[in-house]
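Right, one structure below, let's go through it.
What follows is calculated from the coordinates using simple rules that are stated; it is not laboratory data. Not measured: the values here are computed from a predicted model. FYI the Cβ positions are ideal-geometry reconstructions off the backbone, even for glycines, and counts take in every protein chain you see.
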Amino acid sequence: MGVIDLDGLEVRLGNRIVLNGLTGTLQGQAIGLLGPNGAGKSTLINTLLGFHQPLRGTARVFDFDVRRDRAQIRQQIGYMPENDSFIGNMSGVRFVRYMAELAGLPRGEALERAHEALFYVGLGEVRYRKVSTYSLGMKQLIKLAQALAHGPKLLILDEPTNGLDPVARQRMIQVIKEIRKEGSIRLLISSHLLRDIDETCDEVLILKDGRIAALRNIEEERNSHRNFIEIETVGATEQFSARIRELGCECASFPGGRIKLVMPDHIEARDLYVIASDQGVQIRRMNQRRDSLEDIFLRAMDNEVGRPEHVSV
Amino acid sequence: MSVYKHNYRAYTGEVTPLWTRVLVLARYAFAEAWSSKITVALFTLSLLPIIVFLIVIYLANNPIARALIVKGNSAGLEVDARYFFQILQTQSMIALAITAWVAPRLISSDLSDNALPILLSHPISRFGYVFAKFIALFSSLSAVTWVPCLLLFAYQGYSSPQPWIGGNLQIGVGVFVGAVIWIAFLSILGLALSSWVKWRIVATGTIFAVLFVPAGIGGIVTAILRTKWGFLLNVPFMMSVLWRRLLGVQSFSFAGESIPISAILVMLALACVLCIAMLNARIRAREVVRG
């Protein structure tokens, strides 16, 4: 059993099919939900929360069916919506306490946890101010605090860094990392920022046009391309590429003397310098890098649509 | 989590039963309704007629006071069905004013702050949300309608020298049923209209307008077409006809008085169905995309 099991999930809004036959099991500690605008990320989250009814198929959260066990699912979930969503004329602590009580905490416990959650996300000093007077960053944090206060098993964060300045963003990422490290909460983080997902998640579900474009374990994906090297050369690049291909490297040349290659285990960086010396090619820069989330994302998006067409492999 | 360590800790304590979440929403809605000084002022105002009616009941049942005041003509101090009809009518108008003020506070602010996605992501249904707001409004209105009316009824029964309650039970039941129908209707109407108007003041005006503008139209229809059915658009009038029948008050010889009870109830039911449809369309965690 995964955290979220999707089985042919199809959701229609109006006349448009927004999610089209999603099937897969999400079981990471922190699951990233990626995709371009309109791919169906928020619709998937709303369906998991029971806001939308599946037309066909089903989705299960902790083995609870989204159609039948809506209340049980919501009991397990803390949800931080993408847009502003709060009760402006309540103080921060009253708002978080209210949400905790709705999630099932007794009154005393809810108040205690509300104070703790607000201190935890860094809003302790402003907890008696009305929520409507909070800055954008504070509003993001109070949404996180209310999602955390009742101790959910799954925390769903929809665009958690939306509209945050770099410092606030870093703070948010740090909090998410701490929650992940603590280990009692699974995370589902929807974002269009690859960097956010890259920093916080270990599994990624990439959606495109309402379908699953990729479902990957980010760590495994990175490790599968351990010898991925990017070099910048000056000189006879084509001949140089041909020679290193003869060594058994997979290699792609780009304009400006840039070459990306995957080296087999028996080849070392020193061999490249030897060949370059033979060919009279200067290696100006060499980056040994792991496959980034961006690479995974671009591969998933229609066979790496972002890459130049003249790439030769 | 702890305040001084700033660490997260999972919650391992007890969780309240699912059905009590509606009561949590209702409690916070009730607190929100009564946090306004205007609500308190309206409630205080609603007690003034009750005090006057109470004094009249006292005087009506006090032989010395009667002898001094009425001097042989006791018609002005009769505590009967018509008297309780007047109490009910007065309190019902105050209930309308309270609805117009309180209902938008319960729903409009949730909508203008877009609080529904967060509220409904908890184990509470849309029906539960509306029902909780309904409970808060209905109980607030009860405090100014049937509760004081029945207290006056009980006081009249207590202070009357003859056994009074047994012979006038229809008045007590009529007051209770009539008030409950009215405040239930007002609660649904107030919530439905508030869910469509984000600005509180506009919502307040809309609630009055929706009751009194159709009443005017109904009057025009009645006058032009020379039919009694135009009165069906006049909700306050329909309610007064209903209350008269429930309390057993003799009707005036007026065209609208002959409207059957069933027609009034059907009209109220239709209005409630429309309100529920309005609530169903608006009380959603997300806007539904059409097309």
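Taking a Cβ cut-off of under 13 Å around B:E32, the surrounding Lys, Arg, Asp and Glu residues balance to a net charge of +3, with basic ones at +1 and acidic ones at -1.
Put simply, the convex hull of the Cα atoms in the stretch B:146-291 casts, on average, a shadow of 12.5 nm². With helices as the sole contributors, chain A gives -10500 deg cm²/dmol at 222 nm; each DSSP H run of n ≥ 4 counts as -39500 (n - 2.57), and the sum is divided by every residue.
Taken along its principal axes, the alpha carbon cloud of the stretch A:81-130 reaches lengths of 26, 21, 19 Å, longest axis first.
All Cα-Cα separations within the stretch A:239-302 were binned at 10 Å from zero, giving a P(r) of 18, 52, 24, 6, each value a whole percent of the pairs. Across peptide A:79-92, the mean count of Cβ atoms from other chains lying within 10 Å of each residue's own Cβ comes to 5.
When the alpha carbon gyration tensor of the stretch A:136-246 is reduced to an equivalent ellipsoid, its three semi-axes come out at 38, 17, 14 angstrom, largest first. Positive end of the dipole of the stretch B:14-163 (Cβ unit charges, origin at the Cα centre): among B:N61, B:N114, B:Y158, the Cα lying farthest that way belongs to B:N61.
Charge tally around B:S187: other residues with Cβ under 14 Å, Lys/Arg +1 each, Asp/Glu -1 each, net +2. Ranking of B:T12, B:T204, A:T58 by neighbouring Cβ atoms within 10 Å, starting from the fewest: B:T12, A:T58, B:T204. Distance distribution P(r), the stretch A:4-221, all Cα-Cα pairs, bin width 5 angstrom from 0: 1, 7, 15, 19, 20, 16, 12, 7, 3, 0 percent. With a 10 Å cut-off around each Cβ of A:96-102, the average count of Cβ atoms from other chains is 6. Put in line by how crowded their Cβ is, counting other Cβ atoms within 10 Å and starting with the fewest, A:R68, A:R171, B:R105 read A:R68, A:R171, B:R105.
Among B:Y28, A:Y273, sorting on how many other beta-carbon atoms sit within 10 Å of each Cβ, with the fewest leading, yields A:Y273, B:Y28.
Rounded to a whole number of µm²/s, how large is the Stokes-Einstein D of the stretch A:101-151 at 25 °C and 0.890 mPa s, given Rh as the Kirkwood radius over C-alpha pairs? Value of D from the Cα-based Kirkwood radius: 223 µm²/s.
Placing unit charges on C-beta atoms (Lys and Arg positive, Asp and Glu negative, everything else neutral), compute the dipole magnitude of the protein assembly as shown about its Cα centre in debye, rounded to 20.
Charge dipole, the protein assembly as shown, about its Cα centre: 2200 debye, nearest 20.
The residues neighbouring A:A39, those whose beta-carbon lies less than 11 Å from its own, together hold a net charge of +2 under the Lys/Arg +1, Asp/Glu -1 convention. Computed over the protein assembly as shown, the alpha-carbon pair-distance distribution with 10 angstrom bins reads 3, 14, 19, 17, 14, 12, 8, 5, 3, 2, 1, 1, 0, 0, each value a whole percent.
Taking the C-alpha atoms only, the angle from helix B:81-112 to the longest principal axis of chain B is near 10 degrees.
When its C-alpha radius of gyration is set against 2.2 N^0.38 Å (N residues), chain B gives a value of 1.20. Here's the list of aspartates and glutamates a cross-link from A:K139 could span, going by alpha-carbon distance under 18 Å and ignoring same-chain residues fewer than 8 apart: A:E82, A:D84, A:E116, A:E125, A:D158, A:E159, A:D165, B:D110, B:D113.
Helical content of chain B, expressed as a calculated mean residue ellipticity at 222 nm, amounts to -23500 deg cm²/dmol (DSSP H runs of 4 or more residues, -39,500 (n - 2.57) each, divided by residue number, nearest 500).
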